[in-house]
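The values are calculated or read from the model by the stated rules, or taken from the named source; none is laboratory data. From a predicted model like this one, the values you see are computed outputs, not experimental measurements. Cβ: placed from backbone, ideal geometry, glycine included. Neighbour counts: every protein chain shown. Areas reflect the complete protein model, heavy atoms only, side chains present, ligands, DNA and RNA absent. Shrake-Rupley method; radii C 1.70, N 1.55, O 1.52, S 1.80 Å.
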Amino acid sequence: MHYSGAVYRPPSEARSLIVQCTLGCSHNKCAFCSMYKDKKFSINPIEQVISDLDEARAYGRYIEKIFLADGDALILPMDYLLTVLDYIRDHFPTCKRVAAYATTKAIMRKTDEELRTLREHGLGIVYIGLESGNEELLKKFCKGVTAEEIVLNAIRCKQAGIATSVTAINGMAGANGDWQAHAIDTAKAVSRMNPDYIAFLTLRVYSGTPLHDWIASGEFKMMEPPELMRETRLFLEHIDSEGSVFRSNHASNYLPLGGTLNRDREALIHTIDEALDGKVRLRRAVELGL
């Protein structure tokens, strides 16, 4: 298998075969992200991808899921994507799901018919970074799209039959920012998308990012665990996304949470209240690798 640079995938793709169709991210400007700074965005030759799939098949292992890396495989032309999807369908009979990260700009480049075609050829789920439903925060962190654009294009994927997993970031407004607006606006945006999965991560700081510089200059102050939990509580109070699987159990989260909305909302809020009262143990910073 050919891999270039660091390779990232969502936690739920831990057991997936990872095939590197692109290198890096087509946007690669988000102020909090350091994931693809070691490489310039480019497209791997289709022949290499097919060769990698052949090599993986030769191992003879049971492959149930395949993840198309790197940061934005959906940006690929339709003929490229369909060639890969059809090859997977024809040569990996045990594969039940093909997944990819999808930036909003990449989704916007696909028509509704093209999205339906991708689903028909095997694209089962896309991972979409909302980060925040607050327009000012998206501008500050150089997301490159508006909350409205993210919402509408996530809905388009869902209407095409492609499952959606949406990421939001706890603590993105900072302790010295309007965290209430972040929580409420994000809850409203996610409610409109009604994604299959919601991943609520916690903001982390990486050297070499604008966020790191903001903190060093005092412009931005990271939130402490109690503040993060209160923000999560406010988010849950305002969300209405029936059937969405909610997870806040990433390695970055101090308080692991999980449930299905809206059914488990009150139980999730109760757990947060218990943690704020000191009755539930939080992960320590050292456990989170901070």
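Residue 251 versus residue 41, label points 7 Å from Cα toward the beta carbon: distance in nm?
2.6 nm
As a test, work out the antiparallel percent of DSSP beta bridges whose residues both lie in the stretch 19-125, rounded to the nearest 5.
20 percent
Projecting each Cα onto the charge dipole of the chain (Lys/Arg +1, Asp/Glu -1 at the beta carbon, about the Cα centre), which of 215, 106, 44 comes out farthest on the positive side?
Toward the positive end, the furthest listed residue is 44.
Cα-based Rg of the chain per 2.2 N^0.38 Å, rounded to two decimals?
1.01
Over the chain, give the accessible area per residue in Å² for a 1.4 Å probe, as an integer.
Per residue, the chain has an accessible area of 46 Å².
Please work through the chain and write down the cysteines that have no neighbouring cysteine Cβ at a distance under 4.7 Å.
21, 25, 95, 142, 157
Kirkwood hydrodynamic radius (Cα pairs, Å) of the stretch 14-74?
Over the stretch 14-74, the inverse of the mean reciprocal pair distance is 12.8 Å.
Rounded to the nearest 0.05, what FRET efficiency do residue 276 and residue 91 give with R0 = 51 Å and r taken as the Cβ-Cβ distance? Could you check?
0.50
So what are the three principal axis dimensions of the stretch 132-211 from its Cα atoms, in whole Å, longest to shortest?
38, 26, 20 Å, listed from the longest principal axis down.
With charges only on Cβ, +1 for K and R and -1 for D and E, what is the dipole size of the stretch 93-228 about its Cα centre, in debye, rounded to 20?
Taking the Cα centre of the stretch 93-228 as origin, the dipole is about 540 debye.
What pairs from 29/105; 105/143; 110/143; 39/140; 105/139 go past 21 Å between their alpha carbons?
39/140
Based on DSSP H runs of at least 4 residues, each adding -39500 (n - 2.57), what is the mean residue ellipticity at 222 nm of the chain after dividing by all its residues, to the nearest 500 deg cm²/dmol?
After summing the helix terms and dividing by the residues of the chain, the value is -11500 deg cm²/dmol.
Please tell me which of these pairs span more than 25 angstrom C-alpha to C-alpha: 37/188; 40/96; 158/188; 158/221?
Violating the 25 Å Cα-Cα cut-off are 37/188; 40/96; 158/221.
Work out from phi, with θ = phi - 60° and the Karplus expression 6.51 cos²θ - 1.76 cosθ + 1.60, the ³J(HN,Hα) of each residue of the stretch 125-134, listed in order in whole Hz, and give x for Gly and Pro.
Result, ordered by residue: 8, 10, 9, 10, x, 7, 6, 8, x, 8 Hz.
At a 1.4 Å probe, what is the % contribution of carbon and sulfur to the accessible area of the chain?
Reported share for carbon and sulfur atoms: 51 percent.
Run the dipole for the stretch 15-77 about the Cα centre, Lys and Arg Cβ at +1, Asp and Glu Cβ at -1, nothing else charged, and hand back the magnitude in debye, nearest 20.
For this selection, approximately 260 debye.
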